[in-house]
1. Provide, in order from the shortest bin, the percent of all Cα-Cα pairs of the chain in each 10 Å bin, continuing until the bin that contains the maximum pair distance.
2. How large is the dipole of segment 22-124 about the Cα centre if only Lys and Arg carry +1 and Asp and Glu carry -1, each at its Cβ, rounded to the nearest 20 debye?
3. Quote the charge dipole size of segment 152-220 about the Cα centre in Debye, to the nearest 20; the model charges only the Cβ of Lys and Arg (+1) and of Asp and Glu (-1).
4. Where does each of 230-241, 258-269 land if you order them by average Cβ count within 10 Å, highest first?
5. Please get the size of the charge dipole for the chain, origin at its Cα centre, with Cβ charges of +1 on Lys and Arg and -1 on Asp and Glu, quoted in debye to the nearest 20.
6. Using each residue's phi in segment 184-197, evaluate 6.51 cos²θ - 1.76 cosθ + 1.60 at θ = phi - 60° and report the 3J(HN,Hα) Karplus result to the nearest Hz, with x for Gly and Pro.
7. In whole Hz, what ³J(HN,Hα) sequence does segment 229-238 give by Karplus (6.51, -1.76, 1.60; θ = phi - 60°), x for Gly and Pro?
8. Do any GluC sites (Glu not before Pro) in segment 20-104 lie in a DSSP loop with no more than 14 other beta carbon atoms within 10 Å, and if so, which?
Amino acid sequence: MQTITRLDPLRDAIAALRADGPIALVPTMGALHDGHLTLVRAAKRAAAHVVASIFVNPRQFGANEDLDAYPRQLARDQALLESEGVSLLWAPDAEAMYPAGYATNVSVSGVSDGLCGAARPGHFDGVGTVVCKLFNQVQPDLAFFGEKDWQQLAVIRRMARDLDLTRPHVDAIHGVPTVREADGLAMSSRNAYLSDQQRQQAAALPRAMAGACDAVRVGTNPAAALAQLVELLLAAGFSAVDYAELRDPDSLAVVANPASQPARLFVAARIGGTRLIDNRAV
């Protein structure tokens, strides 16, 4: 596996790989876990070569968020990616990604509104900008993202469609189902921030979400089901719930009556200093 940190050698290496067939991109911020590796395995089944990227993107972190604390373990991540058969790791630093004088921003309206877009102002501008740059740098035929970050996936699909970053009518951006721990908690690099006690308490999140979805399916008033979910999380040790909402899976518009249209439950909740997100179909 090649590891490349500068753009000119990246372009040369990508041109050489492309001669063998399609290239799949798996963008990450590192601190890899089995959720990331599941994306790599799906990409490997679909393309001749997998290119993974590791870049902790400062533009998607707010002023009071965990940029400095975000786990960085490049040597470990390199070994994991190599063991999965990744052909190339693109690991630029901030100077390579955003050189002096950088002044361009990619903003995607609509699907970025509400949910994490409201709780983390500017976050999805940072996501859109860095993923647009990654697509231009690597020029992949396919790209793979986890469904745990469902709103992020919707933003990326909208951006790619609007900016003609993928071929029309081709499903080039693949969402891969969330990988979960044995107790149902979605795998996340931020789970490493949890103490042993917090980790046990965090298992209440998938349980409460499953209960709320079940309640809505049997006709419970959605507002009552969501209020009960919030109550359960706070009782379990979560300090706050940023949101618990039913949204359309595609447009991410608020769903008032899930009995009459598809809906997905989205939750973000805080335990200690850690913010966990999850979603599931109703």
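1. Here the calculated profile for the chain is 6, 27, 35, 22, 8, 1.
2. The calculation lands at about 300 debye.
3. About 120 debye.
4. Averaged packing, sorted descending, gives the order 258-269, 230-241.
5. Taking the Cα centre of the chain as origin, the dipole is about 260 debye.
6. So the Karplus estimates, Gly and Pro as x, are x, 5, 5, 5, 7, 4, 6, 4, 5, 6, 7, 5, 4, 5 Hz.
7. Computed from phi, the couplings for segment 229-238 are 4, 4, 4, 5, 5, 5, 5, 7, x, 5 Hz.
8. Hits after loop and neighbour filter: E65.
Every number here is computed from the coordinates shown, using simple stated rules; none is lab data. Because the structure is predicted, anything quoted here is derived from the model rather than measured. So basically every Cβ, Gly included, is an ideal-geometry build from the backbone, and we count neighbours across all protein chains shown.
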